[in-house]
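Here, each number is a calculation from the coordinates, and none is a lab measurement. Every value quoted in this text rests on a predicted model; they were computed, and no experiment measured them. Cβ sites come from the backbone with ideal geometry, for glycine too, and all protein chains shown count toward neighbours.
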Amino acid sequence: MKITKTLVLVLSLCLMLVSFAHAGKDLDAVKSKGFIQAGVNGSVFGFGMPDEKGNWAGLDVDTARAIAAAIFGDASKVKFTPLSAQQRFTALQSGEIDVLTRNATQTLSRETQLGLNFVSVNYYDGQGFMISKKLGVKSATELDGATVCVLPGTTTEQNAADYFRTNKMSWKPVVIESTAELAKTFFAGRCDVLTSDASQLAGTRAIAANPKGYAILPEIISKEPLAPAVRHGDDQFRDIVDFSVLAMINAEELGITSKNVDMMLKSKNPVIQRFLGTSPGNGKSLGLDEKWAYNIIKQVGNYGEVFERNVGVNTTLGIERGLNALWTNGGLMYSPPFK
Amino acid sequence: MEQKQNPIPINTAETAVPFWRDAGKRALLFQIVALFVVGGISYYLFSNTQANLARQSIATGFGFWEKEASFEIGESLIRYSAADSYARALLVGALNTLKVAFIGIILTTILGSFVGVARLSSNWLVSKVAGSFIEVMQNIPVLLQLFFWYAIFYESFPSPRQALNPIKGVFFCNRGFIFAIPESHSAHVAMGGMFLVVLIGGWFLNRWGYKRQELTGKAFPAGRITTALALFLPLLVWAFYGAPTAMNVPELRGFNFQGGLTISPEFSALLLGLVLYTSAFVAEIVRAGIQSINRGQIEAAKAIALRPGQVLRLVIMPQALRVIIPPLTSQMLNLTKNSSLAVAIGYADFVAVANTTINQTGQAIEGVAMIMVVYLFFSLSTSVFMNWYNKRMALVER
């Protein structure tokens, strides 16, 4: 009896594993599920964090909503999984989430060794240092001997090591897995410096008890193109995710916002007609409804709106557009033509 | 499985039992089937994993060991820099785990025994204090205790520039405890060597004294003589080398103290949390061990005029240890395994280093396999040692 029970248990376990490993195409799986499971940060203000009412908010969160709007025509058809830096890629590889929109830096080794495809960048970032103003440090080159708080499992850890090595400075890392715990440790003075992507530093500073007491040093020591990522193996899904990001940028280039998008439907401009699907084609090519781009802009907004809403100068983060301005304004945001 | 002997000898084909009625043969058949099923499932899981990894072009194998780690580690027992290989980084992590587990096990055993004995004290206050210590420590999850102690360290101690300096050369601040240590000198190596020689000599002396006592009945104070020699001889060696007194005194330079020896808040919090939590369990084990001994034994020992220390050492402990050692072993293993919670408070143990390695190389399966192998190795080594000790202490029936 006992043996039979054990055998049944083992076999059913195996079957679970089998069905898990052979999940169908990502897009089909998402469509049949009826929603997208997106991996987000969970504790970085402005990028991915629930607000005081428990609603998810942030630039990355809105990117995930845009993908849902493109596929389902409804930006709310998305569920969020908060992930630590160390869990995020495994979660994507294993199929726990469908798309990763969690300020992940695109790198060569991640593309090649992790079996991931990064799509177009939704935020150009760079790593910086934050320090208490009391210490009177003005430049990162004065950081010899400092104790540095750093998050594990990020490119940050490596960049910091590289930076201190190149500048022949000694340092001591304090590596703590949870973003919130790390910030607490830094504010309590366990470390002299907190290093992370500049946007995250701004987010962390915003939730400090005394935001004015901390300065972000002028040196940016790395390039951090943050981009959503999907698994290898479903190119159509990859295209949809990619063009959902690009649609927001393209809309800003074309001057289409969530407010004027209905008016724009009547536009005589063939570029706008193609983009919003009034002259069809794009939707069919992606395997989506022709209204997909309209839905993104109507329900989520263009890139500029999303940026200003979550991290822009009028928010507590107060980040300038900088590299994230449109190419026409001296930034790097540039969308290929939608035709 | 043992082959069951059929009670009736079977000689002819007519009386032969079909194999599915023969318990022995049936058992053998089941075993073979089970073996094939397990083998088949393992093969399937392995090849399926391989195929899936290859399909998603995720790198496999242990080739990353030789690559440059290019991340820094907060504290290390051996020389390490970001330019070293992943293999060395992982070794640093393993040694850090070993360090906290080793020191933790020793301190836990001492504190646990102490509290366990105190719990049995006839003094009301002592016994109640020990009792409440056990109840409180046992019933708060160890992770919470780690957060608590770590917060105490970084919240309540001042920054390096305002470091507490109770005596010369000793500093307390939120960077840790920083002590002055003697400047390295060849005399120290010689002193350590001498200390070891005395310890080994003391062991032989003790054996000789024991034999002599068995033959002649005269006791020999081997323990006291060894202690005296262990204190005195290294000092003699030190004087012989010209009594070097140079100290490596920590000094505040820039952000932090340079020189001296630093015990980090992460290590201290982890050690404190683990030791307090585990020693509460050990205390209960020790108490149970001591209470398992019949009162008559103690009265008999006193009746033959043994001193209280001797009663404990010669009568109670040898018997109590038989009850204590097996559960004590499992507490030691618990402590070692719980040390992996270090990740939460930033101590660079093996799991922390392996996690970073997994993230930089993307090889989660290899990384997790390594974590399992390392903890298995630590745990099995502890078990082997404790089982050996247990056998030595076990009741020898004549």
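Is there a quick way to get the dipole size of segment A:70-141? I mean about its Cα centre, with the Cβ of Lys and Arg at +1 and of Asp and Glu at -1; what is the value in debye to the nearest 20?
On the way: 8 positive and 5 negative charges, 97 e Å.
Here the size comes out at about 460 debye.
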(request) Could you name the lysines whose alpha carbon sits less than 23 Å from that of A:LYS134, not counting residues in the same chain fewer than 8 places away? (result) A:LYS172, A:LYS184, A:LYS212
(request) Arrange B:GLU284, B:GLU68, A:GLU224 by Cβ neighbour counts within 10 Å, fewest through most, would you? (result) B:GLU68, B:GLU284, A:GLU224
(message) Using +1 at the C-beta of Lys and Arg and -1 at the C-beta of Asp and Glu, which of A:ILE207, A:PRO173, A:THR154 has the Cα lying farthest in the positive direction of the dipole of segment A:127-222?
(response) A:ILE207
(message) With 10 angstrom as the radius, rank A:ASP144, B:ASP84 by how many other C-beta atoms surround their C-beta, starting from the fewest.
(response) A:ASP144, B:ASP84
(request) Using only the alpha carbons of chain A, determine the length spanned along each of the three principal axes and report them from longest to shortest in whole angstroms. (result) 75, 59, 39
(request) Calculate one ³J(HN,Hα) per residue across segment B:154-166 by plugging θ = phi - 60° into the Karplus curve 6.51 cos²θ - 1.76 cosθ + 1.60, and present them in order as whole Hz with x for glycine and proline. (result) 8, 7, 9, 8, x, 6, x, 6, 10, 4, 6, 9, x
(message) At a 10 Å Cβ-Cβ cut-off, how would you order B:TYR389, B:TYR86, fewest neighbours first?
(response) B:TYR389, B:TYR86
(message) Spelling out what I want: for every residue of segment A:321-332, take phi, set θ = phi - 60°, compute 6.51 cos²θ - 1.76 cosθ + 1.60 (Karplus), and round to whole Hz; glycine and proline get x.
(response) 4, x, 5, 8, 6, 5, 4, 6, 10, x, x, 10
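To the nearest 20 debye, what is the magnitude of the charge dipole of segment A:127-222 about its Cα centre, counting +1 on the Cβ of each Lys and Arg and -1 on the Cβ of each Asp and Glu?
360 debye
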(request) Pairs to check: A:LYS133/A:LYS168; A:LYS25/A:LYS223; A:LYS33/A:LYS266. Give those whose C-alpha atoms are more than 31 Å from each other in this structure. (result) A:LYS25/A:LYS223; A:LYS33/A:LYS266
(message) Rounded to whole Å, give me the distance from the Cα center of segment A:158-217 to that of segment B:60-87.
(response) 22 Å
(message) Could you compute the net charge surrounding B:GLY309? Neighbours are other residues with a C-beta less than 15 Å from the C-beta of B:GLY309; K and R count +1, D and E count -1.
(response) +4
(request) List, in order, the whole-Hz ³J(HN,Hα) value for each residue of segment B:97-109 obtained from phi through the Karplus relation with A = 6.51, B = -1.76, C = 1.60 and θ = phi - 60°; use x for Gly and Pro. (result) 4, 4, 4, 5, 5, 5, 5, x, 5, 5, 5, 4, 4
(request) Find which of A:ILE296, B:VAL100, B:PHE157 sits farthest along the positive direction of the dipole of the protein assembly as shown, computed with +1 on the beta-carbon of Lys and Arg, -1 on that of Asp and Glu, about the Cα centre. (result) B:VAL100
(request) For segment A:227-270 and segment B:105-129, write down the distance between their C-alpha centroids in whole Å. (result) 69 Å
(message) Just checking the output field for B:340-353: average partner chain Cβ neighbours within 10 Å of each residue's Cβ?
(response) 3
(message) Give me the count of lysine pairs in chain B whose alpha carbons sit under 25 angstrom apart, restricted to pairs 8 or more positions apart or on different chains.
(response) 6
(request) Determine the shielding of peptide A:110-122 by partner chains: average, over its residues, the number of Cβ atoms on other chains within 10 angstrom of each Cβ. (result) 3
(request) Report Rg/Rh for segment A:127-222, rounded to two decimals, where Rg is the Cα radius of gyration and Rh the Kirkwood radius. (result) 0.91
(request) Please list the non-local residues whose amide H lies under 5 Å from the amide H of A:ALA57, H modeled 1.01 Å from N, same-chain partners needing a gap of 5 or more. (result) A:MET49, A:ASP51
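Expressed as a rounded percentage, what relative contact order does chain A have, with Cα pairs under 8 Å and six or more residues apart?
Answer for chain A is 21 percent.
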(request) Compare the Cα positions of B:LEU45, A:SER84, B:LEU395 along the charge dipole of the protein assembly as shown (+1 at Cβ of Lys, Arg; -1 at Cβ of Asp, Glu; about the Cα centre) and return the one farthest towards the positive end. (result) B:LEU395
(request) Sum -39500 (n - 2.57) across every DSSP H segment of at least 4 residues in chain B, then divide by the residue count to get the 222 nm mean residue ellipticity, nearest 500. (result) -21500 deg cm²/dmol
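Any idea what the relative contact order of segment A:127-222 is, in percent, if you count C-alpha pairs under 8 Å spaced at least 6 apart?
Dividing the mean separation by the residue count of segment A:127-222 yields 49 percent.
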(message) If you average the alpha carbon positions of segment A:292-333 and of segment B:191-225, how far apart do those two centres end up, in angstrom?
(response) 80 Å
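Ranked highest first by the average count of other Cβ atoms within 10 Å around their residues, in what order do B:267-278, B:368-379, A:302-313, B:36-47 fall?
On the way: B:267-278: 23.4, B:368-379: 15.6, A:302-313: 21.2, B:36-47: 11.4.
The packing order, highest mean first, is B:267-278, A:302-313, B:368-379, B:36-47.
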(message) Only four residue types carry charge here, +1 at the Cβ of Lys and Arg and -1 at the Cβ of Asp and Glu. Report the dipole size of chain B about the Cα centre in Debye, rounded to the nearest 20.
(response) 1440 debye
